[in-house]
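Working notes, beginning with the structure itself.
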Amino acid sequence: MDIVLNSLAGEAIDKNLSILRPFGRFVEIGLVDIYKNRRLGMRPLRKNVSLFAVDLSRVFDKPGDLPCTLLREAIGRFDGRTLTPLPYRVFPADRVPDAFRAMAQAQHIGKLVVSMQDRAGLRVQRGREKHRNHYGEKRCQNLSNITSPEPRIMLESASMNSSV
């Protein structure tokens with residue numbers, strides 16, 4: 001692997017570092033181990049790899065056009081198919097236990113998504129407005145059309161098989 005974009009924590013970081021080719025790049029966007037001050041072995045650096053830590057929340061808190069520019073560039077790359085989303089499997093809301101079971105078995109690749117489209121009888125409590133607009137949607141008004149029309153919940157896992 002030439003580049004690893006990592007958001008996993010714990011031993012998953014060590015595994016992801018181990019798959020880097022010589023002169024590879026490791027970009028850490030997860031904050032758990034950074035704030036816990038987790039120790040990191042230096043052995044992977046023998047391959048002349050570079051490590052970068054990026055706190056995306058700080059990027060989006062800065063004034064200026066950088067957040068909107070980054071979002072526009074990412075959307076353009078997805079539209080042009082130079083970036084593709086991770087594979088995912090969708091579970092209806094009434095099958096949440098099945099989604100957690102699949103995640104616990106760690107046999108999947110990509111993301112597990114719970115669709116809230118068919119949610120008859122399911123009570124959903126909405127988050128505060130502050131959190132809904134946390135990543136610049138309010139600042140980048142012309143990007144409002146990128147939000148999914150269907151509410152979804154993504155299940156995250158620290159399993160190595162849950163991330164490609």
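This ranking places Y35, Y88 by how few other beta-carbon atoms lie within 10 Å of each, fewest first, which gives Y35, Y88. The order of T69, T82, going from fewest to most other C-beta atoms within 10 Å of their C-beta, is T82, T69. Each peptide in 14-25, 48-59 was scored by the mean count of other Cβ atoms within 10 Å over its residues; highest first, the order is 14-25, 48-59.
Taken together, the values in this text are just the output of simple stated rules run on the coordinates, not laboratory data. Source: prediction; values computed, not measured. Cβ sites come from the backbone with ideal geometry, for glycine too, and all protein chains shown count toward neighbours.
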